Amino acid sequence: MVVVQIAKSQNCNFVFKGCINDALNSEHLDFASVTILELNKSTETDEHGEFEFDGICAGSYRLKVKHIGCKDTVFSFKVPSTKRVVFKIPHSEINLGEIDVMDKRIEMKSTQTENKLTNEELEKGKGQNLGDILKNVSGMTTLNSGGTINKPMLHGMQGYRLLIVNNGVRQEGQNWGNEHAPEIDPFMAKRISVIKGANAIRYGSDAIAGVVLVEANELPDTIGTIGEVNLVGLSNGRTGAANAMFEGNFEKIKGFSWRIQGSLKQGGNIKTPNYYLTNTGINEYNYSYGLGYHRKKWGIEVYYSQFNTEIGIFRGAHIGNLTDLQNAIERGKPADSNAVFSYKIDRPNQKVAHELIKGLAHYHLASKWRAKLQYAWQYNARKEFDLRRLTNEERTTGIIYPDLDLYITSQTGDFVLEHDNINSLRGQFGLSGMYQENVYQGRFFVPNFINKTIGAFATERLVKPHHEFEAGLRYDYKNLQSFFYNLNNVWSNELLQFSNLTYNTGYIYKPNQKFNLFVNAGSAWRAPAPNGLYSNGIHQGLASIEVGNNQLKTEKCLNITSTAILRLKRLNMEVSVYTNEFKNFTFLNPGKEYQLTVRGAFPVFYHTQANANISGLDLKSEINISKYFSTSLKAMFVRGWNRSINDYLMWMPSDRGELTLNISLPESKFLKKPKFIIQNQYVTKQWRVPTNTDFASPPNAYYLLGLEIASNVTFQKQEIKLSFSATNLLNQQYREFLDRFRYFADAAGTSYNLRISIPFIIHQKKTIKNEINNQ
Amino acid sequence: MKSIINKLKTIVTLSTIVLVSCKKDKDLSPLPAPVNNPPELITSVHLTFTDSSNTTLVKVFKFRDPDGDAGNPPVQKDTIKLSANKTYSLAITFWDETKTPNVDVTPEINEEAKDHQVFFNFSGLTINQFYLDKDANNNPLGLLNKWRTKNNGTGAVNVVLMHQVDVKNGSQSSGETDASVNFPILIQ
């Protein structure tokens, strides 16, 4: 039963309150997710089943109610005419429909806020890579190798310190390289969020910075077949991308649902304001499918995805020794001044394939207990080709061997037991294991290894009306056996074992709807990575020798994060401060002497450990000036300090802010939600750099202007989402500190971008729609 | 409640079987050593000087780092010892000593002559150097040279092999360095 009360004040300041009860036994349903679809506003019911929205304008809306074990239910209401409604929502197990809605993700609000991308942000990022899309999350930047390789970075931490979970499975690839971007098709992703705290413990102990969850939508539970087509064109690089997705639920086989999705992308040489960047094209094809079969008390799902990419590496960034690098820096622009546009991808380049197969089963043990079992197999093949002389064999056969050739196969198994509200407590318990094999061919950089890990975790959350507490505990054991040629060229191996305990505690103070305070403290640890232990060689493109250290210890981190959220009539604000205190923070420390080779002398960087601290502040605020104007401000500040040598940490983002002005344009019969957006981004100069580590002084501050005009166009009942935007509209010449190619060339110039999204329904049976009875 | 516990038992047992069976290891048998040899490297530079007034007088000077970049330091760094006021022809060869038998990489450089050039940077003394070979575009290559020595003295030469795809223009500052070796010189 839902009781909705509307309290009237000003035109756009209605309060919409309600209470959700079980239709059968009148029990309050807590943790139900309630969303006003038109406004994309969500909240959760409290332990009395109550929820409240304020600042609602007059109009017609639809409300979606989600709860574990329930079918999603949508009903319509009008503001302010609806005064009181009676509405039934079936919940208890006896009343469960024939088909159970399985993986209704328990959107556990953590004591650290979850940073989720909105649909608009996802829409706006279509055709970009995952790293670029993730930049919309507050605190997130990317570590780039040119315009096409972007590694997500949260609070200055990336690579092994930031865990990416692809459809519930830890993404396992060659994560050690700065030029190894995540192998995930962004078109597949319909939900992208960043989590920290006890919630993140479930995915591993090594998520020092946090966990990025990238997920497809849940398989449909509505009978019918629907689909979506996306088309993207970007003028810079003359990039085109297309994606198609179909999903459905059979009427004949009850509980059987499916989805199939595929995307293609091709781009050519990127243009900076003054020149083209030779060999910066990209070629990508990806596909995925999912199948689900859900019965009353159990369900199974299978998911498969494949990611294939070929990325050209900017020719001018390919260097042989330190002199070449210094020449490139002094020249200030690429040597190849006559570069033209081309889609051709030559050496140097990367070819990467990633395959994932996942099976998931769940079972309702009792009304409040569920068990989940998941198994996943992943295969990642990475081939990197250098621009070098071909051997006679290669010249005659035409088969060119990659210089770096790596295969990593990972199998993961997870078992999770979760319980719904029992005495205001909700929790999860689980076991997880991984077996991983890495094999290399060609040039040595990381060894062959067998990595075995096993972990167990438990989290519980206590929810009271104005307070919430949460605690999590996890234990992991890791066994790493590495195989490599030692200095005497003998094939040898070494076994290392690590184990550790991780904990997390959190508290939320929520005196009212307007103000929430989150405090979270936790630990994390990360065993040294194989490259840190054993690498020994020239890092291509960096003109430096990297030397591993097999005495590296476990990197440990203590984190405290506090977030305050303010929700007022015209102002929404979120401020987050955090500090990470590291013991054995692993970094590359420049040595004092150069190493002589046949290519000249190279600086040597040693994998070294130190005590370090990374702290910072994220700010996000939104001001609704009027019905038509709103503005938002985002800013981030990160400070990294190496306590052992009293110097800054390398590759920390400089302070940056983004001011956005949103203008809603008047709607018409054909145009729905038309809007105009002006985006201003300002990035300061990073002067906080360690001494003797960087090859060039940090680039200057820069300002970027972006514009977007977007609308939903209705044409003969078919809705089409259209967006036209311009990035770097002023064709600003700039270089970003976090771009490893900043030594060689400028960043991309203006790009005009067109995005079209067409969602369509092939056939669909009406969902249970409960119209509200006005009383 | 009892039934829940029973169900739980079954599930935990089942999942333990799945988890453990995935983790079956192969008695820690070492993973195979890589089969494809790494692509050819340049580990050594050989300079062969022939006195043009007496072609039986041949001197060879070497720079050798047989295990390639990184790893152990170079094992041989010869000093070029030549006579004053003489003309020598100089042939340069580049070798990969990580392979058995050692591979002469010079023919491959010759094959891609239009993308390569050898440069000489003298310091401390004056030696006149002339290119004797050319690529298909009539640009100098530098595997064959003529050196004319002057007075007695000491100095050094930095011999650089540049790989210059699309950017070969007679300047040493574009492209990437394939080899860069310093030889001390003694003219007596």
Legend entry - One residue from A:Gly472, A:Gly522, A:Gly541, A:Gly506 being at pLDDT below 90 and buried (at least 16 other Cβ atoms within 10 Å of the Cβ): A:Gly541
Inset, instruction - Restrict the check to the stretch A:386-400 and report whether at least one residue is modelled with pLDDT under 95, in a strand (DSSP E or B) and not polar (S, T, N, Q). - result: no
Inset, instruction - Being at pLDDT 65 or above and in contact with an Asp or Glu (Cβ under 9 Å, 6 or more places away or on another chain) is the filter; apply it to the stretch A:1-20 and report the residue that is farthest from A:His419 (Cα to Cα). - result: A:Asn13
Inset, instruction - Determine if the stretch A:483-499 includes at least one residue that is within 14 Å of another protein chain (Cβ to nearest Cβ), farther than 30 Å from A:Phe695 by Cβ, buried (at least 21 other Cβ atoms within 10 Å of the Cβ) and of a type outside the set (A, V, I, L, M). - result: yes
Legend entry - Complete set of residues in the stretch A:382-411 that are of a type in the set (S, T, N, Q) and more than 8 Å from every other protein chain (Cβ to nearest Cβ): A:Thr396, A:Thr397, A:Thr409, A:Ser410
Legend entry - Residue that is assigned to a loop (DSSP other than H, G, I, E, B), more than 25 Å from A:Ala696 (Cβ to Cβ) and touching a residue at least 12 places away in the same chain (Cβ under 8 Å), where the choices are A:Ser654, A:Ser644, A:Ser668: A:Ser644
Inset, instruction - Please verify whether the stretch A:484-501 includes one or more residues that are out of contact with any strand residue (DSSP E or B) (no Cβ under 6 Å at 6 or more places or on another chain), in contact (Cβ under 8 Å) with a residue 12 or more places away in the chain, in a loop (DSSP other than H, G, I, E, B) and not polar (S, T, N, Q). - result: no
Inset, instruction - Check whether at least one residue in the stretch B:148-160 is away from chain A (no Cβ under 14 Å), outside any loop (DSSP other than H, G, I, E, B) and of a type in the set (Gly, Ala, Ser), and report yes or no. - result: yes
Inset, instruction - Give the number of residues within the stretch B:170-188 that are more than 18 Å from the chain's Cα centre (by Cα) and part of a strand (DSSP E or B). - result: 4
Legend entry - Search result, residues across the stretch A:435-468 that are of a type in the set (D, E, K, R), within 9 Å of another protein chain (Cβ to nearest Cβ) and closer than 25 Å to A:Tyr203 by Cα: A:Glu437, A:Lys452
Inset, instruction - Select, from A:Phe457, A:Phe484, the only residue that is in the same structural domain as A:Thr561 (by TED's automatic domain parsing) and either modelled with pLDDT under 95 or over 30 Å from A:Ser615 (Cβ atoms) (or both). - result: A:Phe484
Legend entry - Residues satisfying the stated conditions in the stretch A:329-367, i.e. within 34 Å of the chain's Cα centre (by Cα), within 21 Å of A:Arg388 (Cβ to Cβ) and within 11 Å of chain B (Cβ to nearest Cβ): A:Pro334, A:Asp346, A:Arg347, A:Pro348
Inset, instruction - Look through the stretch B:61-79, keep the residues that are out of contact with any Leu (no Cβ under 7 Å at 6 or more places or on another chain) and more than 8 Å from every other protein chain (Cβ to nearest Cβ), and return whichever of them is modelled with the lowest pLDDT. - result: B:Pro66
Inset, instruction - May I ask you to list the residues in the stretch A:334-366 that are in a loop (DSSP other than H, G, I, E, B) and either within 22 Å of A:Asp414 (Cα to Cα) or among the basic types (Lys, Arg) (or both)? - result: A:Lys344, A:Arg347
Inset, instruction - Filter the stretch B:64-105 down to residues that are in a loop (DSSP other than H, G, I, E, B) and under 20 Å from B:Glu176 (Cβ atoms), then give me how many there are. - result: 6
Inset, instruction - With the condition kept exactly as written, say whether any residue in the stretch A:157-166 is at pLDDT 90 or above, outside the structural domain of A:Asn580 (by TED's automatic domain parsing), crowded, with 24+ Cβ neighbours inside 10 Å and within 24 Å of A:Glu218 (Cα to Cα). - result: no
Legend entry - Those strands (runs of 3 or more DSSP E) lying entirely in the stretch A:21-60 with at least 2 residues at pLDDT below 80: A:41-44, A:50-56
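Results for (1) over 24 Å from A:Gln428 (Cβ atoms); (2) within 14 Å of another protein chain (Cβ to nearest Cβ); (3) among the small types (Gly, Ala, Ser), shown as yes or no for each residue.
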site: A:Asn279; (1), (2), (3): yes, yes, no
site: A:Leu291; (1), (2), (3): yes, no, no
site: A:His294; (1), (2), (3): no, no, no
site: A:Tyr303; (1), (2), (3): no, no, no
site: A:Phe307; (1), (2), (3): yes, no, no
site: A:Ile319; (1), (2), (3): yes, yes, no
Legend entry - Which numbered condition B:Lys86 fails, given (1) in contact (Cβ under 8 Å) with a residue 60 or more places away in the chain; (2) under 17 Å from B:Thr43 (Cα atoms): (2)
Legend entry - Of the criteria (1) in contact with a Ser or Thr (Cβ under 9 Å, 6 or more places away or on another chain); (2) outside any helix (DSSP H, G or I), which one B:Glu108 fails: (2)
Legend entry - Given (1) within 14 Å of chain B (Cβ to nearest Cβ); (2) of a type outside the set (Phe, Trp, Tyr); (3) under 25 Å from A:Ala747 (Cβ atoms), number of the condition A:Pro603 does not satisfy: (3)
Inset, instruction - Among residues belonging to the stretch A:639-670 that are among the polar types (S, T, N, Q) and more than 21 Å from A:Gly159 (Cα to Cα), point out the one that is surrounded by the most Cβ atoms within 10 Å (Cβ to Cβ). - result: A:Asn662
Inset, instruction - Run down A:Asn392, A:Asn349 and say which single residue is touching a residue at least 40 places away in the same chain (Cβ under 8 Å) and closer than 30 Å to B:Asn110 by Cβ. - result: A:Asn349
Legend entry - Where a residue in the stretch A:220-241 is at positive phi and its partner, wherever it lies, is not in a strand (DSSP E or B), with Cβ under 7 Å and at least six apart: A:Gly224/A:Lys765; A:Gly237/A:Gly268; A:Gly237/A:Asn269; A:Gly237/A:Ile270; A:Arg238/A:Gly268; A:Arg238/A:Phe341
Legend entry - Scan of the stretch B:120-133 for residues that are away from every other protein chain (no Cβ under 11 Å) and on the phi < 0 side of the Ramachandran plot, ordered by number: B:Phe120, B:Phe122, B:Ser123, B:Leu125, B:Thr126, B:Ile127, B:Asn128, B:Gln129, B:Phe130, B:Tyr131, B:Leu132, B:Asp133
Legend entry - Selected residue (criterion: nearest to the other protein chains (Cβ to nearest Cβ)) from residues of the stretch B:161-188 that are farther than 15 Å from B:Ser123 by Cβ, in contact (Cβ under 8 Å) with a residue 12 or more places away in the chain and among the β-branched types (Val, Ile, Thr): B:Thr177
Legend entry - Qualifying residues in the stretch A:414-469 (those that are in a loop (DSSP other than H, G, I, E, B) and among the charged types (D, E, K, R)) - the one surrounded by the fewest Cβ atoms within 10 Å (Cβ to Cβ): A:Lys464
Inset, instruction - Taking the options A:Thr309, A:Thr323, name whichever one is in a helix (DSSP H, G or I) and among the hydroxyl-bearing types (Ser, Thr, Tyr). - result: A:Thr323
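The values are calculated or read from the model by the stated rules, or taken from the named source; none is laboratory data. The shown structure was predicted, so the numbers you read here are calculated from the model rather than taken from an experiment. Positions of Cβ are generated from backbone atoms using ideal geometry, with glycine treated the same way; all protein chains shown enter the neighbour counts.
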